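Would you mind keeping the following structure in view while I ask a few things?
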2 protein chains.
Amino acid sequence: MDSTKRTDETAINITESKSVKGKATPNQHGGSKRGVAIFDFVLRVCALVAALVATITMGTTDQTLPFFTQFFQFQASYDDLPTFTFFVIANAIASGYLVLSLPFSIVCIVRPHAAGARLLLLIFDIVLVAFTTAAAASAAAIVYLAHNGNSNTNWLAICQQFDDFCQRVSGAVVASLIAAVVFVFLVLLSAVALRRH
Amino acid sequence: MDSTKRTDETAINITESKSVKGKATPNQHGGSKRGVAIFDFVLRVCALVAALVATITMGTTDQTLPFFTQFFQFQASYDDLPTFTFFVIANAIASGYLVLSLPFSIVCIVRPHAAGARLLLLIFDIVLVAFTTAAAASAAAIVYLAHNGNSNTNWLAICQQFDDFCQRVSGAVVASLIAAVVFVFLVLLSAVALRRH
């Protein structure tokens, strides 16, 4: 009687330990994948904020100088330079893409093993890395020129007059650069998550 | 006798088909992975050629105008503009990285299941995407300005005088853009290869 009971207990112990072991590995794996997915979502929200700040700061920059001549008033806005117009469009597209990508990021949190959604996000993210970097870099080149001018080409620094304009534009470029760096981290995160799959 | 022989043949057929089937799946998988790795190597060589062409074209551009004043001679070279200097440095770094990455790419061809080497390449590739895109985009912004000028900021188009200089610089920008696009494809290829793992 006693021996039978002990055997029963052993049997139960074995099945219990088996079930625990059987559940542990995928749970642990799914947990770390879910952690990566949640981090991905947080990074996406950060990138969205940065891209929106860049778009709005650049888009609303408009400085009118307090003096004017007989013929025209001195005014600077983002659409005076084609590079800045591209900057606004590129960052607006990046913001729109980030809003659309949030549901897919949530799918990755709910279903950590959905590799299809992750690969889709990675493909678009890498294109957006190039896009936001191009916008930030070209605007940075122009802002540098506006700040320092260039004596070899006789391009004068316009920031001496339009200092407020230049400061806001520089801020927008920094925000866009932050968005680009976050995009790079998003791609790295997706690649590491795919590797573990 | 006849019946026994037929059974033997069937048995041999079964084992043969079994062995073929047993070998086919990993071989096919390794084969497709090797195909991806070879394509990766070819793309890397293409990017190397494009980055080298961009570096050399920009680095050797130097135009001296046939007329000169009492005080100075009109001359244009890449180091007159800081953006072009950055362009040369960035593309030189990209070329150097591509040369160093070729052995790793060969490792991926020889051992198609080495996911570590592939992940390492992917991490550096994504950084280089941002790097080459930034170089190409900032140089493109300056080249656009050199071609068209900007009436709002009183920056005059210098390409009317330095037409040869502008043509070579434009060529270098196009080569760098090609390198950036190839880098994007390299990252996509690595991501797809990691997904299959």
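Based on what the data block shows, is B:Phe183 touching a Leu at 6+ places or on another chain (Cβ under 7 Å), at pLDDT 85 or above and closer than 22 Å to A:Val187 by Cα?
yes
Can you pull out the residues in segment B:101-128 that are under 18 Å from B:Ala90 (Cα atoms) and either polar (S, T, N, Q) or touching a His at 6+ places or on another chain (Cβ under 6 Å) (or both)?
Within segment B:101-128, B:Ser101 is the sole residue that qualifies.
Condition first: within 23 Å of the chain's Cα centre (by Cα), closer than 20 Å to B:Val127 by Cα and assigned to a helix (DSSP H, G or I). Can you find one or more residues in segment B:158-170 that meet it?
No: segment B:158-170 contains no residue that is within 23 Å of the chain's Cα centre (by Cα), closer than 20 Å to B:Val127 by Cα and assigned to a helix (DSSP H, G or I).
Please determine whether any residue of segment A:100-115 is at the interface with chain B (Cβ under 8 Å from one of its Cβ atoms), assigned to a helix (DSSP H, G or I) and under 30 Å from B:Ala191 (Cα atoms).
Yes, there is a match, as at least one residue in segment A:100-115 is at the interface with chain B (Cβ under 8 Å from one of its Cβ atoms), assigned to a helix (DSSP H, G or I) and under 30 Å from B:Ala191 (Cα atoms).
In a helix (DSSP H, G or I) and touching a Pro at 6+ places or on another chain (Cβ under 9 Å), is that true of B:Tyr144?
Considered against the rule, which asks whether it is in a helix (DSSP H, G or I) and touching a Pro at 6+ places or on another chain (Cβ under 9 Å), B:Tyr144 comes out as yes.
Oh, and also: Which residue pairs have Cβ atoms closer than 7 Å, lie 6 or more positions apart in sequence or on different chains, and pair a first residue in segment A:168-197 that is more than 11 Å from chain B (Cβ to nearest Cβ) with a second residue that is outside any helix (DSSP H, G or I) and surrounded by fewer than 24 Cβ atoms within 10 Å (Cβ to Cβ)?
The qualifying pairs are A:Arg168/A:Thr61; A:Val169/A:Thr61.
Please work out which one of (1) of a type outside the set (Asp, Glu); (2) touching a residue at least 40 places away in the same chain (Cβ under 8 Å); (3) in contact with a Phe, Trp or Tyr (Cβ under 8 Å, 6 or more places away or on another chain) is the condition B:Phe124 fails and give its number.
(2)
Just need a number here: residues in segment B:154-167 that are surrounded by fewer than 19 Cβ atoms within 10 Å (Cβ to Cβ) and within 11 Å of another protein chain (Cβ to nearest Cβ). First the steps, then the outcome.
Taking segment B:154-167 as the starting set, the residues that turn out to be surrounded by fewer than 19 Cβ atoms within 10 Å (Cβ to Cβ) are B:154, B:156-157, B:160-161, B:163-164, B:167.
When the remaining residues are screened for being within 11 Å of another protein chain (Cβ to nearest Cβ), the result is B:154, B:156-157, B:161.
Final tally of qualifying residues: 4.
State the number of residues belonging to segment B:124-152 that are at pLDDT below 90 and facing another protein chain (nearest Cβ under 7 Å).
Residues flagged as at pLDDT below 90 and facing another protein chain (nearest Cβ under 7 Å) within segment B:124-152 amount to 2.
I've got another one for you. Give just the number: which of (1) surrounded by fewer than 17 Cβ atoms within 10 Å (Cβ to Cβ); (2) of a type in the set (S, T, N, Q); (3) in contact with a Lys or Arg (Cβ under 9 Å, 6 or more places away or on another chain) does B:Ser101 not satisfy?
Failed condition: (1).
Of the conditions (1) buried (at least 22 other Cβ atoms within 10 Å of the Cβ); (2) under 19 Å from A:Gly149 (Cα atoms), B:Asn150 satisfies every one except a single condition; which number is it?
Every condition holds for B:Asn150 apart from (1).
The values are calculated or read from the model by the stated rules, or taken from the named source; none is laboratory data. Note that the structure is predicted; figures quoted are calculated from it, not measured. Here Cβ is always computed from backbone atoms with ideal geometry, including for glycine, and neighbour counts include all displayed protein chains.
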